[in-house]
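Inspection log for the structure reproduced underneath, given as structure tokens.
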Number of protein chains: 2
Amino acid sequence: MSASTLDIKNYMEERRALIESALPQALQPVCRGAEQLFAAMEYSLMAGGKRLRPLLFLAALESIAAQDESIRAEDYLPFACGIEMIHTYSLIHDDLPAMDDDDLRRGRPSCHKAFDEATAILAGDGLLTHSFAVMLSTPAAAERLLPAIRLVAEKAGIYGMVSGQVIDVAAEGQPLTLQQLQYIHSCKTGALLQAAVVAGGWLAGADAAMRDALMSYAGSFGLAFQIIDDILDIVADEQTLGKPIGSDAANNKTTYVTLLGLDGARAAAAAALADAQAALQPLGTRGELLAALADACLGAQLAACR
Amino acid sequence: MSASTLDIKNYMEERRALIESALPQALQPVCRGAEQLFAAMEYSLMAGGKRLRPLLFLAALESIAAQDESIRAEDYLPFACGIEMIHTYSLIHDDLPAMDDDDLRRGRPSCHKAFDEATAILAGDGLLTHSFAVMLSTPAAAERLLPAIRLVAEKAGIYGMVSGQVIDVAAEGQPLTLQQLQYIHSCKTGALLQAAVVAGGWLAGADAAMRDALMSYAGSFGLAFQIIDDILDIVADEQTLGKPIGSDAANNKTTYVTLLGLDGARAAAAAALADAQAALQPLGTRGELLAALADACLGAQLAACR
């Protein structure tokens with residue numbers, strides 16, 4: 001293991017620990033009498049997961065901040081937690097019977113199974129609404145905070161994630177072309193990853209060219225991430241994945257593997273990863289951390305896909 | 001009809017017209033392929049209604065702005081529309097089968113009946129998320145805009161509306177005390193009304209004392225509003241109400257009428273209206289518009305309850 005591999009693993013562990021300890025603080029107690037709501041929000045928010053979005057957010061923030069010591073990851077944890085809350089709400093609502101009807105999430109009963117459907121809908125609504133209160137509490141300059149949160153609202157909403165879910169539900173059971181599949185994922189998964197990365201850069205003062213580079217990096221990162229997810233659905237074991245393997249195939253879902261085959265999907269993931277790295281070029285040395293992060297998150301998983 | 005009654009009716013008509021024309025603009029087209037989402041959001045958002053929350057928001061803004069001509073209602077329509085989007089999303093989710101299971105809303109099929117359940121959940125999510133993008137686009141000074149939106153997120157979320165709905169669903173079929181009923185409504189309905197009024201004042205530069213007065217006004221306004229709603233469920237006809245009359249009684253719901261009787265409920269509504277007016281005292285002449293609005297919205301309805 002090279003020194004830089006060790007460094008990025010340390011970085012990821014340290015930042016994940018920061019995020020894990022900040023999340024319960026960000027989830028302040030709700031109104032008296034609504035303890036069930038708090039329990040359901042906490043159940044889903046603290047269920048583990050890779051914390052990929054807040055991690056990417058912090059990495060982009062610190063990359064663009066570079067030598068600017070006034071920008072410390074610790075101060076931006078509210079924003080990072082807000083992004084994770086949005087991701088969590090989307091999982092809760094996606095799992096609902098009217099949507100993907102999934103009983104399991106990360107190896108545990110999904111929110112509407114552990115509680116009930118009404119509570120799960122409201123826990124999602126609560127996390128989504130509270131995410132904005134939390135992001136707005138970030139002690140950052142207003143002229144950076146406002147556009148960063150606005151970008152998150154756009155990419156999490158009708159210009160991204162919510163639209164992606166609508167298109168995905170409508171396409172269920174229908175065969176898709178590669179272009180259609182890629183479009184759905186770019187909305188459903190890619191948009192929030194992009195918002196996390198670009199918002200992090202923006203808060204650290206990234207100019208328009210830097211934000212373009214970050215947007216492109218995150219787009220390719222998201223694509224590689226999704227292709228690898230599809231591959232893992234075939235090759236991983238149930239325990240590693242935290243959900244039944246082969247569930248995509250059982251649902252007759254079009255995936256990168258059904259369209260490209262396993263080898264083709266591996267090649268496409270590798271190409272998307274290379275695109276992500278190439279997108280960082282305009283950032284010079286400021287792109288190094290994000291490049292290492294892509295390698296650690298995606299390259300390592302891709303290697304495990306063989 | 002006195003001159004001031006005419007004035008407030010004109011004011012309300014003009015502001016409602018502004019809001020009605022701004023709403024479709026605020027609801028920009030969604031991603032390609034998600035037209036169904038847009039249709040469902042538009043169906044519910046443009047279904048009419050009193051536009052009470054954005055109206056109160058604008059009235060508070062203009063009241064506090066007083067002679068400050070740099071503050072024009074037209075510039076603050078994005079914020080007003082955002083508040084109405086939050087209200088609309090809450091109605092869509094409340095009507096879902098897992099919640100109140102209402103087939104009708106404003107005399108038309110509710111969103112999940114006109115479309116389907118998945119689309120209704122996502123239309124709600126889309127409206128809620130987009131409301132923040134829209135509010136954040138308001139051309140206001142950042143040091144006023146940030147706390148105003150944060151207040152909305154808190155009052156619409158776990159410190160208000162979402163918690164209120166959880167408590168309400170949990171209390172279904174159980175008898176409530178007057179105190180419990182009032183608490184549920186203060187979270188479920190009162191909190192967003194308060195956020196609308198106080199945010200409007202805040203954006204116009206209201207200081208802490210003014211914001212306290214506005215918060216108290218809106219709290220009493222919301223209470224009177226809810227009591228009158230309960231009375232109308234008994235005395236109004238179905239067409240006026242846009243939903244089946246007597247539905248509260250049919251659901252064995254505790255209401256102000258079941259707890260206080262019709263006359264008692266009328267007296268309580270009148271007392272809450274008087275409290276709303278009294279709360280405006282610290283604002284001096286700046287409170288006149290809001291006082292007239294309470295009379296026009298609540299006093300007139302209360303008179304019709306006889």
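The values are calculated or read from the model by the stated rules, or taken from the named source; none is laboratory data. This one's a predicted model, so the numbers in the text were calculated from it and none came from an experiment. Please note: Cβ atoms are built from the backbone with ideal geometry, for glycine as well, and neighbour counts cover all protein chains shown.
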Just checking, does the stretch A:143-152 include any residue being out of contact with any Lys or Arg (no Cβ under 7 Å at 6 or more places or on another chain) and not in a helix (DSSP H, G or I)? no
Residue by residue through the stretch A:17-42, note down the ones that are within 14 Å of chain B (Cβ to nearest Cβ), in contact with a Pro (Cβ under 9 Å, 6 or more places away or on another chain) and buried (at least 21 other Cβ atoms within 10 Å of the Cβ). A:A26
Just to check your reading of the model, which residue among B:D94, B:D100 is closer than 20 Å to B:T189 by Cβ, assigned to a loop (DSSP other than H, G, I, E, B) and not aliphatic (A, V, I, L, M)? B:D100
Exactly one of (1) touching a residue at least 24 places away in the same chain (Cβ under 8 Å); (2) more than 10 Å from chain A (Cβ to nearest Cβ) is unmet by B:R72. Its number? (1)
Lone unmet requirement of (1) assigned to a loop (DSSP other than H, G, I, E, B); (2) farther than 26 Å from A:V162 by Cα for B:I64: (1)
Would you be able to say whether some residue in the stretch A:187-195 is away from every other protein chain (no Cβ under 11 Å), out of contact with any helix residue (DSSP H, G or I) (no Cβ under 9 Å at 6 or more places or on another chain), over 15 Å from A:F57 (Cβ atoms) and of a type in the set (S, T, N, Q)? no
Which count do you get for residues in the stretch A:28-59 that are in a helix (DSSP H, G or I) and closer than 21 Å to B:Q182 by Cα? 3
Is there any pair with a first residue in the stretch A:120-139 that is more than 25 Å from B:A98 (Cβ to Cβ) and a second that is hydroxyl-bearing (S, T, Y) whose Cβ atoms are under 7 Å apart and which are 6 or more apart or on different chains, and what are they? A:T138/A:Y76
The listed residue being over 15 Å from the mean Cα position of the chain (by Cα), over 29 Å from A:R150 (Cβ atoms) and either at the interface with chain A (Cβ under 7 Å from one of its Cβ atoms) or surrounded by 22 or more Cβ atoms within 10 Å (Cβ to Cβ) (or both), out of B:E143, B:E172, B:E117: B:E117
Has the stretch B:262-278 got at least one residue that is crowded, with 18+ Cβ neighbours inside 10 Å and outside any helix (DSSP H, G or I)? no
So in the stretch A:91-104, with the set limited to residues that are surrounded by fewer than 23 Cβ atoms within 10 Å (Cβ to Cβ) and under 18 Å from the mean Cα position of the chain (by Cα), which one is nearest to the other protein chains (Cβ to nearest Cβ)? A:D94
Just to be sure before I move on: is A:L136 within 10 Å of another protein chain (Cβ to nearest Cβ), more than 18 Å from the chain's Cα centre (by Cα) and modelled with pLDDT of 95 or more in the structure I sent? yes
Hey, does the stretch B:203-219 have a residue that's crowded, with 23+ Cβ neighbours inside 10 Å, within 21 Å of the chain's Cα centre (by Cα) and within 12 Å of chain A (Cβ to nearest Cβ)? no
